[in-house]
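Notes to accompany the following structure.
The values are calculated or read from the model by the stated rules, or taken from the named source; none is laboratory data. Source: prediction; values computed, not measured. Glycine gets a Cβ as well: all are built from the backbone with ideal geometry, and neighbour counts include every protein chain shown. For the accessible areas, the whole protein counts, side chains as well, though only heavy atoms, and no ligand, DNA or RNA atoms are used. Shrake-Rupley method; radii C 1.70, N 1.55, O 1.52, S 1.80 Å.
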Amino acid sequence: MVDWKSMKTLIVSGDEMKGLVTMAEVIDLVEQAFAAHARGSYIMEPKTHIIIEKYSGEWEAMPSYLGEPESSACKWVAIRERNRERFGLPTVMSTIVYTDPESGYPLMICDGTYHTNMRTGAAAAVSVKWMARRDSKVAGFVGAGAVAVGTLRALSSLGMFKEVLVWSRRRENAESFVERMGEEVSISLEVVDSVRGLAAESDVIVTQTPATGPVVMDEWVREGTHIAAMGADMEGKQELEGSLLKRSRIFVDDLRQCIRDGEINVPLKKGELRVEDISGTIGEVIVGKKKARLSSDDITIFDSTGIALQDAAVITLEYKRARERGVGVEKRMIVSRT
């Protein structure tokens, strides 16, 4: 029996969050979250956006309840486009409050930036595991920012890729990414000059840019390719040409959220795509309700907006490990009476 009146909240920094869980563990937990979504074992609304034009940014609020395993958390995300140049801070920062589902007590308050990078990369890896051809050997990265770091770590843990081709609008960004990550992973990394060339050689394409217009064109993508579309997470964002989606099998993380914020949002508004064209959710593939591929020639697309259930699934193990390893500081956050 928990003595809630004497319970303290664990406060954990970003550096302390690193190393609490392995990427393989995160991939398994994210997969479980997607499966719970397919089974309806959750309570979650699409993420809330508050745009603050004065500061070239927005807030995102992402609360959720996960039934398998039972967990509840809320992530508060700050996005500020001028942070790096003005303050030397990341463009995207987040904080997670992990709570006991029954009492609502805040068990842990922690930095969510590193955590988000891990679980976002893991989502791409889960899509590859369930939707890409089994003989996939070459991955192409469209974008070489922070998201790409987590994605590369996740794909590397799958053990199926021999080479990753990297493209960025600024070649120096791609070169810097390859230099940094080449020391960490055993996969061969190569900078390329065009998305068209990248698509021609890739079995899997991961798009991870803030683009508001197509970066990957329909005619460039060969049959049998799997695309993990990770960049579109807000109304108006788009990385793939609409006609490419029309000839593909599309699976989303959460349909309501993707209709508003995902890769499908712009093509739907333009009439290039219908909701009926969406094949299902990735969770439905995982639990066996839907097939990702009907043939090896199918182009498959995973539209990932990042759902709060991913956070609720992963934070449970992170909290357990933080307690076991004695990291963070404890504070009484709740008084017994006011």
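Per-residue answers, yes or no, for (1) of a type outside the set (A, V, I, L, M); (2) part of a helix (DSSP H, G or I); (3) on the phi > 0 side of the Ramachandran plot:
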| position | (1), (2), (3) |
| --- | --- |
| Arg180 | yes, yes, no |
| Glu223 | yes, no, no |
| Gly236 | yes, no, yes |
| Glu239 | yes, no, no |
**Asked** Would region 100-118 turn up any residue that is among the aromatic types (Phe, Trp, Tyr) and either more than 14 Å from Ile307 (Cα to Cα) or without any contact (Cβ under 8 Å) to a residue 24 or more places away in the chain (or both)?
**Response** yes
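Counting only residues that are touching a strand residue (DSSP E or B) at 6+ places or on another chain (Cβ under 7 Å) and open to solvent by less than 10 Å² (accessible area, probe 1.4 Å), give me the helices (runs of 4 or more DSSP H) lying completely in region 64-171 with at least 1 of them. So that I can check it myself, show each step before the final result.
Details: elements: 83-87, 113-131, 146-158.
Per the criteria, 113-131, 146-158.
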**Complete:** Note on region 202-219: residues loosely packed, with under 14 Cβ neighbours inside 10 Å and of a type in the set (D, E, K, R) are Glu219
**Message:** Suppose we filter region 11-25 for residues that are over 17 Å from the mean Cα position of the chain (by Cα), hydrophobic (A, V, I, L, M, F, W, C) and either surrounded by fewer than 20 Cβ atoms within 10 Å (Cβ to Cβ) or closer than 14 Å to Pro69 by Cβ (or both); how many remain?
**Reply:** 1
**Candidate set from region 26-60 (those that are of a type in the set (A, V, I, L, M, F, W, C) and free of Cβ contacts under 8 Å to residues at least 40 places away in the same chain); member that is most open to solvent (accessible area, probe 1.4 Å)** = Ile43
**Prompt:** Is it true that some residue in region 271-287 is in contact with a Ser or Thr (Cβ under 8 Å, 6 or more places away or on another chain) and under 25 Å from Val21 (Cβ atoms)?
**Reply:** yes
**Request:** For region 114-130, indicate whether the set of residues that are out of contact with any Leu (no Cβ under 7 Å at 6 or more places or on another chain), closer than 23 Å to Gly328 by Cα and of a type in the set (S, T, N, Q) is non-empty.
**Result:** yes
**Prompt:** If we only count helices (runs of 4 or more DSSP H) wholly inside region 256-338, which ones have 1 or more residues that are among the β-branched types (Val, Ile, Thr) and within 17 Å of Ala38 (Cβ to Cβ)?
**Reply:** 282-286
